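Novice: Below: one structure in structure tokens.
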Amino acid sequence: MDRPYTYVWRFEVAAESLAEFERHYGPDGSWAQLFRRAPGYIGTLLLKDRANAGRYLTVDRWHSESAFAHFCDTYGDAYEALDRECEGLTLAEDLVGDFKRMNGPAVDKPHAPATERNRDAIALVLREHLADRQRVLEIGSGSGQHAVFFARQFPHLTWQTSDRLEYLSGISGWLKDAALPNTPAALQLDVNGTWPSSQFDAVFSANTLHIMSWPEVVSMFGGLRQVLGPDATLIIYGPFNYNGKFTSDSNRQFDLSLRAEARSAAFVTLKRSMRWHRRSECIFWLTSRCRPTIDVCVAAWGHGGSGDVART
Ligand SMILES: C[S@@+](CC[C@H](N)C(=O)[O-])C[C@H]1O[C@@H](n2cnc3c(N)ncnc32)[C@H](O)[C@@H]1O
């Protein structure tokens, strides 16, 4: 069995860079967001020395050393780019070592802090649009935290989680501990692969499209046609542009970093005529009571764009 892989780095940070350092290296900072794109990442702990304001430790936890190696193989370029960006923040940094945890549960559940911040705003939209739905397929469930939260909030729904193989044990950990009656075991679903044979009347997906490559987005909409009937609801939450503009500077930076990686689809500007919706900082793409197809997606997204629909 794989053993958890936990490594610790020590940093010395200049007084003027403390806030920026904490933004990048915190449990939901740019490093954690990059790690989260690969399977097997559990989370990051940022520790600050009480006696020396400029000294920090980071503790990064992975399910296994091979999960970390897979991350390095897949996202090596993005890792180096972020490393270069953060170089100026630190006066010194060194790898303290690889440590073994001596207590706590044998299997850690993954933890995505952002889900705890965005779930209430998402739930407001789901409450409105899933009121008369019964079976929801979630694509790219990630840690599984959203699923547990929404399934508890909306007991009338059967909430079917799914993700790529490497994510399933983390999702199962959350489902098992919550023991809800409306969350069947997570399905293995890579949008490039085989889709479930069952039918759903809604699909929900959060923070996935911008992570996927364009061919994966195309596959996803091909698959949606198979699992959704003509009267379906599709709710996609993610970092879309709003009125053709980025909603924050950090989103602009994030978009640039995605574009630097040829494999990611980057942000989208939705066509005005599509149903989309902004609540606070959350942007949703809703296609209700229709069958979402790749034509709808291309019309909305305009990949390789023509006319008034262009990918930003
Ligand atoms: C940034 S995480 C978001 C996870 C979760 N939905 C959330 O909001 O915290 C991106 C998710 O997209 C999933 N994903 C990426 N490519 C995929 C693919 N080809 N098929 C299915 N899921 C994919 C990843 O496995 C991961 O769970």
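Novice: Check whether at least one residue in region 127-145 is within 9 Å of the ligand (Cβ to nearest atom) and in a helix (DSSP H, G or I), and report yes or no.
Specialist: So far as region 127-145 goes, yes, one or more of its residues are within 9 Å of the ligand (Cβ to nearest atom) and in a helix (DSSP H, G or I).
Novice: Let me ask something else about it. Determine whether region 230-240 contains at least one residue that is farther than 22 Å from Glu128 by Cβ and either away from the ligand (no atom under 14 Å from the Cβ) or out of contact with any His (no Cβ under 7 Å at 6 or more places or on another chain) (or both).
Specialist: Taking every residue of region 230-240 in turn, none turns out to be farther than 22 Å from Glu128 by Cβ and either away from the ligand (no atom under 14 Å from the Cβ) or out of contact with any His (no Cβ under 7 Å at 6 or more places or on another chain) (or both).
Novice: Would you mind telling me which numbered condition in (1) at pLDDT 75 or above; (2) under 18 Å from the mean Cα position of the chain (by Cα); (3) not aliphatic (A, V, I, L, M) Gln226 fails?
Specialist: (2)
Novice: Within the group Ala186, Ala202, Ala206, Ala179, which residue is in the same structural domain as Ser143 (by TED's automatic domain parsing), within 23 Å of Leu126 (Cα to Cα) and more than 16 Å from the ligand (Cβ to nearest atom)?
Specialist: Ala179
Novice: Since Trp195 meets every condition but one in (1) among the hydrophobic types (A, V, I, L, M, F, W, C); (2) touching a Phe, Trp or Tyr at 6+ places or on another chain (Cβ under 9 Å); (3) within 13 Å of the ligand (Cβ to nearest atom), which condition does it not meet?
Specialist: (2)
Novice: For residues that are among the β-branched types (Val, Ile, Thr) and at pLDDT below 75, scanning just region 229-277, find the one that is surrounded by the fewest Cβ atoms within 10 Å (Cβ to Cβ).
Specialist: Thr247
Novice: Being surrounded by 19 or more Cβ atoms within 10 Å (Cβ to Cβ), under 28 Å from Ala206 (Cβ atoms) and over 16 Å from the mean Cα position of the chain (by Cα) is the requirement here; does Thr58 meet it?
Specialist: So Thr58 passes the test.
Novice: Looking at region 139-162, which of the residues that are on the phi > 0 side of the Ramachandran plot and in contact (Cβ under 8 Å) with a residue 60 or more places away in the chain is surrounded by the fewest Cβ atoms within 10 Å (Cβ to Cβ)?
Specialist: That would be Gly140.
Novice: May I pose another question? Within region 154-176, count every residue that is away from the ligand (no atom under 15 Å from the Cβ) and closer than 19 Å to His111 by Cα.
Specialist: 1
Novice: Any idea which of (1) part of a loop (DSSP other than H, G, I, E, B); (2) touching a residue at least 24 places away in the same chain (Cβ under 8 Å); (3) exposed (fewer than 15 other Cβ atoms within 10 Å of the Cβ); (4) in contact with a strand residue (DSSP E or B) (Cβ under 9 Å, 6 or more places away or on another chain) is the one Gly97 doesn't satisfy?
Specialist: Here Gly97 clears every test but (1).
Novice: Okay, next question. Output the residues belonging to region 10-38 that are aromatic (Phe, Trp, Tyr), closer than 24 Å to Tyr167 by Cα and more than 16 Å from the ligand (Cβ to nearest atom).
Specialist: Residue satisfying the conditions is Tyr25 alone.
Novice: Continuing with the same structure: Would you be able to say whether some residue in region 72-83 is in contact with a Phe, Trp or Tyr (Cβ under 6 Å, 6 or more places away or on another chain) and not basic (Lys, Arg)?
Specialist: Within region 72-83, none of the residues are in contact with a Phe, Trp or Tyr (Cβ under 6 Å, 6 or more places away or on another chain) and not basic (Lys, Arg).
Novice: Filter region 19-41 for residues that are of a type in the set (Gly, Ala, Ser), over 11 Å from the mean Cα position of the chain (by Cα) and in a loop (DSSP other than H, G, I, E, B) and give the result.
Specialist: Correct list: Gly26, Gly29, Gly40.
Novice: Here's something else I'd like to know. Count, please, the residues in region 91-143 that happen to be of a type in the set (Gly, Ala, Ser) and at pLDDT below 85.
Specialist: Adding up the residues that qualify gives 3.
Novice: Has region 76-86 got at least one residue that is assigned to a loop (DSSP other than H, G, I, E, B) and farther than 24 Å from Arg3 by Cβ?
Specialist: No: zero hits.
Novice: Do we find that Ala92 is out of contact with any Leu (no Cβ under 9 Å at 6 or more places or on another chain) and free of Cβ contacts under 8 Å to residues at least 12 places away in the same chain in this structure?
Specialist: The answer is no for Ala92.
Novice: If we scan region 146-161, do we find a residue that is in a helix (DSSP H, G or I) and of a type in the set (Gly, Ala, Ser)?
Specialist: Within region 146-161, one or more residues are in a helix (DSSP H, G or I) and of a type in the set (Gly, Ala, Ser).
Novice: Give me the residue from region 184-223 that is in a helix (DSSP H, G or I) and within 19 Å of the chain's Cα centre (by Cα) and, out of that set, surrounded by the most Cβ atoms within 10 Å (Cβ to Cβ).
Specialist: Among those residues, the one meeting the criterion is Met220.
The values are calculated or read from the model by the stated rules, or taken from the named source; none is laboratory data. Here the structure is a predicted model, which means the values were calculated and not measured. Neighbour counts run over all protein chains shown; Cβ positions are idealised from the backbone, glycine included.
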